[in-house]
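Below: the structure, in structure tokens.
The numbers here are math on the coordinates, done by the rules we state, and not lab data. Note that the structure is predicted; figures quoted are calculated from it, not measured. FYI the Cβ positions are ideal-geometry reconstructions off the backbone, even for glycines, and counts take in every protein chain you see.
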Amino acid sequence: MTEKDLRKLSRADLLEMLIQQSEELRETREKLAAAEAAAEKKEMAINKAGSIAEASLQLTGIFEAAEASCQHYIENIRLLSQRQSAVCAQQERESREKAATMLAETARSCETMEADTKVRCAEMVAKAKLEAQTYWDEVSARLEEYYQQHNGLRELLQRTLQPVGRE
């Protein structure tokens, strides 16, 4: 499997591959144990035959094969682990970049909303001041009119209520 293919895999797939490798390691160990058992049997057979040199040559081949198999498996696990670490690091970088972009966009959006709100508030305050001034002008005019209307009444009352001797 190429490195590009490994990058496309999800964490679950990578973990599944790691589990498969672990199972292969277990199977290899079992094979090694079986090979060692077979080697012991062969050693007994060789001892019975009396040829120690022949037994040594046969056992060496078995142990070399088992050791090579273990080394190959360990190397595969190491490579898989390195690839998985690289993929995880890349995903983390991408996630952090995406989060930073989203935060920047949110900040810009908030600034725009705040500016729009300030403009609307200023418009509302100006409108409220205008309405208040208009209302105050209307009330002042009515009060002035009322005062003028009642000023004539007041003068009439003052003339009629003045004592007779004062005229």
How far is helix 11-49 tilted, in degrees, relative to the longest principal axis of the Cα atoms in the chain, given as a value from 0 to 90 rounded to the nearest 10? 10
In nanometres, the difference between 0.36 nm per residue of separation and the alpha-carbon distance of Ala12 and Tyr146 is 39.5 nm
Let me check I've understood the local charge: for Arg29, count other residues with C-beta under 15 angstrom from its C-beta, Lys and Arg +1, Asp and Glu -1. What total comes out? -4
What value, in deg cm²/dmol to 500, does the helix sum -39500 (n - 2.57) over DSSP H runs of n ≥ 4 give at 222 nm once divided by the residues of the chain? -35000 deg cm²/dmol
Computed over region 3-161, the ratio Rg/Rh where both radii use C-alpha atoms and Rh is Kirkwood: 1.85
Centre separation in Å (Cα based) which lies between region 5-29 and region 72-114: 22
Less than 14 Å Cβ to Cβ from Ala86, Lys/Arg counted +1 and Asp/Glu -1: what total charge do the surrounding residues give? +3
Classify region 75-131 as rounded, prolate or oblate from the Cα gyration tensor: take a ≥ b ≥ c as the square roots of its eigenvalues, call it rounded if a/c is under 1.5, otherwise prolate when a/b beats b/c and oblate if not. prolate
Specify the angular offset, from 0 to 90 degrees and rounded to the nearest 10, of the alpha carbon long axis of helix 52-161 from the longest principal axis of the alpha carbons in the chain. 0
What spacing in nm lies between the two simple spin-label points modelled at Ala34 and Leu156, each 7 Å away from Cα in the Cβ direction? 12.9
Could you tell me the number of lysine pairs in the chain with C-alpha atoms less than 30 Å from each other, where the two lysines are 8 or more residues apart or belong to different chains? 7
